[in-house]
Amino acid sequence: MTKADMIEKISEKVNSLTARETEIIVNSIFDSIKDALARGDKVEIRGFGSFRLRDRRMRVGRNPKTGVQVNVPAKKVPFFKAGKELKEFVDS
Amino acid sequence: MRKADIAGEVSEKVGISKRDAEEIIDLVLDTIKARLKSGEQVKIARFGNFIVRNKRPRKGRNPRTGEEIGITPRKVVTFRASHVFKGYVNGQEGIARGLEQ
């Protein structure tokens, strides 16, 4: 399922909203999560899971074509941990 | 940040009530859950993909007693952040907002 499919499904369920309005709201939800992580906050949603940043250390990488060594700088990556309820729901 | 905080932000940005925002958040989460349960992946453009992975059975060990135990096969949810999301949390605003084109 893609985000577009999801927006279509949700706008069918919510009569008071057009597909366009649903799209704006759904985008705003995911933007809100992104913004929280970008400012160093974490997001915890009960029954679903949590989003937080994990640190990746600097490492030495290699250009696979030329074999030249390059430093890959340290960075942060978004990480999602499924909550207990989601884990059990998916695995049953 | 919790669900109520997200609802607050959405409500302010979009101009709907907090209650309506929370209802849509719940619909989004329930939709993702239901799809994952059926084994389907959920791809959210500019955010990331939620994927269900099948883990094979393997042997584990109780770290305290050293006793060997079987770990049953199971399904786990993983998330892969999109390039946009990864760029955004590392301060690459242009990529995050899709302004590079």
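Below, the figures for the structure above:
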item: Within the range A:1-26, considering residues that are of a type in the set (Asp, Glu) and more than 21 Å from the chain's Cα centre (by Cα), the one surrounded by the most Cβ atoms within 10 Å (Cβ to Cβ); result: A:GLU21
item: Count of residues meeting criterion [more than 7 Å from every other protein chain (Cβ to nearest Cβ), surrounded by 10 or more Cβ atoms within 10 Å (Cβ to Cβ) and either farther than 14 Å from B:THR78 by Cα or of a type in the set (S, T, N, Q) (or both)] in the range A:70-83; result: 4
item: Hey, B:VAL89 touching a Leu at 6+ places or on another chain (Cβ under 7 Å), under 26 Å from A:GLU88 (Cβ atoms), at the interface with another protein chain (Cβ under 10 Å from one of its Cβ atoms) and surrounded by 14 or more Cβ atoms within 10 Å (Cβ to Cβ) or not; result: no
item: Residue match in the range B:26-37 (condition: within 20 Å of A:GLU23 (Cβ to Cβ), facing chain A (nearest Cβ under 9 Å), part of a loop (DSSP other than H, G, I, E, B) and modelled with pLDDT of 95 or more); result: no
item: Options B:GLU23, B:GLU40: the member that is under 28 Å from B:ALA4 (Cβ atoms) and either of a type outside the set (Gly, Ala, Ser) or not in a helix (DSSP H, G or I) (or both); result: B:GLU23
item: Tabulated pairs, the range B:35-55, first within 16 Å of A:VAL26 (Cβ to Cβ), second surrounded by 15 or more Cβ atoms within 10 Å (Cβ to Cβ) and among the acidic types (Asp, Glu), C-beta under 9 angstrom, 6+ apart or interchain; result: B:ARG46/A:ASP31; B:PHE47/A:ASP31
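Yes/no per residue for (1) closer than 18 Å to B:GLU22 by Cα; (2) in contact with a helix residue (DSSP H, G or I) (Cβ under 6 Å, 6 or more places away or on another chain); (3) facing chain B (nearest Cβ under 8 Å); (4) at pLDDT below 95:
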site	(1), (2), (3), (4)
A:VAL14	yes, no, yes, yes
A:SER32	yes, yes, yes, no
A:GLY47	yes, yes, yes, yes
A:LEU53	no, yes, yes, no
A:THR66	no, no, no, yes
A:GLU85	no, no, no, no
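The values are calculated or read from the model by the stated rules, or taken from the named source; none is laboratory data. Remember, it's a predicted structure, so these values are computed and weren't measured experimentally. All Cβ positions, even for glycine, are placed from backbone atoms using ideal geometry, and neighbour counts span all protein chains on display.
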